[in-house]
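No lab work stands behind these numbers, since they all come straight from the coordinates. Quick caveat: nothing in here was measured; it's all calculated off a predicted structure. Reconstructed Cβ throughout: ideal geometry from the backbone, glycine too, with neighbour counts over all protein chains shown.
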Amino acid sequence: MSGKLLGEWRHVFKLDPEKELDDGALEALCLSGTDAIVVGGSSGVTYENTVDLLSRIRRYETPCALEVTSVDAVVPGFDVYMVPIVLNTPDADFIVGRHVAALKALGGFMPPDGIVAEGYVILNPECTAARLTSAVMPGEGELEAFARYADRLLRLPVLYLEYSGIFGDMRAVARVKKILTNTRLFYGGGIDSGEKAAAAAAAADTVVVGNVIYESLKTAVDTVKAVQSQQRDKS
């Protein structure tokens with residue numbers, strides 16, 4: 001079920017439970033036509049602020065996923081639980097350690113068809129996630145190697161290219177997309193206009209829009225139509 005659900009996503013909003021978002025803004029996002037809401041953040045995510053945000057999102061029919069970054073913040077009731085596996089870190093805790101701890105503590109209540117592993121390649125060395133995981137930026141040819149590793153060896157359902165705060169190199173994103181055969185490519189980072197959303201949609205399978213939500217709600221909502229328009233052009 002979860003794999004099929006993710007396969008239908010072209011545009012998602014990513015909400016940080018630590019950041020304030022009023023009810024009117026949340027309604028605009030959930031009714032914008034986006035395919036899903038993903039809840040997650042690199043820091044400050046707690047059980048309390050996660051369950052509060054989930055209860056507000058559940059007023060709407062929009063599918064909702066939790067990106068599991070802290071075992072303490074795992075809340076029952078999400079449609080999908082997305083578990084990041086950071087591929088470009090030397091710290092095994094972010095590859096297997098935290099994941100085993102989470103499944104040991106929570107695996108009993110998480111439905112087997114509702115958990116999705118997502119390979120993460122962090123590509124902005126200045127972002128919080130990069131500092132937290134000690135991520136090493138890929139050298140020449142390594143990004144493509146990570147794509148083959150995720151797709152051919154690990155057979156992950158999702159590979160997430162995370163530029164977090166900066167707009168990435170769409171030529172590199174497109175090269176990764178051409179390599180993948182079964183793995184779905186998510187792109188996130190620096191999407192602060194419809195034009196950038198459309199460019200990302202042309203290069204990746206799924207576009208993740210986050211920070212601009214808290215800077216310009218109208219611009220965030222406009223990215224939905226931009227991605228939808230790009231998808232129509234593709235077809």
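A few comments on the model shown:
- Applying the Karplus relation 6.51 cos²θ - 1.76 cosθ + 1.60 with θ = phi - 60° to the stretch 204-215 yields 3J(HN,Hα) values of 10, 7, 10, 9, 10, 10, x, 4, 5, 4, 8, 10 Hz, where x marks Gly and Pro.
- Extending 7 Å from the Cα toward the beta-carbon at both Lys19 and Ser43 defines two label points whose distance is 1.5 nm.
- For the stretch 185-235: rounded, prolate or oblate by the Cα gyration tensor [a/c cutoff 1.5]: oblate
- Measuring between alpha carbons in the structure, the pairs from Lys196/Lys225; Lys196/Lys218; Lys14/Lys104; Lys19/Lys104; Lys14/Lys218; Lys19/Lys218 lying more than 21 angstrom apart are Lys14/Lys104; Lys19/Lys104.
- Listed values (i) 16.5, 46; (ii) 16.6, 50; (iii) 17.4, 54 include one computed from this model; for Rg and Dmax of the Cα atoms in Å that value carries the label (i).
- With R₀ set to 25 Å, the beta-carbon distance separating Asp93 from Ala172 gives a calculated FRET efficiency near 0.35.
- Cα centroid of the stretch 19-79 to Cα centroid of the stretch 122-141, whole Å: 25
- Relative to the Cα centre, the charge distribution of the chain, modelled as +1 at Lys and Arg Cβ and -1 at Asp and Glu Cβ, gives a dipole magnitude of about 800 debye.
- Placing a label point 7 Å from the Cα of Glu27 along the Cα-to-Cβ direction, the residues of the stretch 34-65 with a backbone N closer than 19 Å are 34, 37, 53-63.
- Computed over the chain, the per-residue total of -39500 (n - 2.57) for DSSP H runs of n ≥ 4 gives a 222 nm mean residue ellipticity of -10500 deg cm²/dmol, rounded to 500.
- Across the stretch 100-235, Cα pairs under 8 Å and at least six residues apart give a relative contact order of 19 percent.
- R0 of 30 Å, Cβ-Cβ distance Glu142-Asp72: FRET efficiency to nearest 0.05: 0.35
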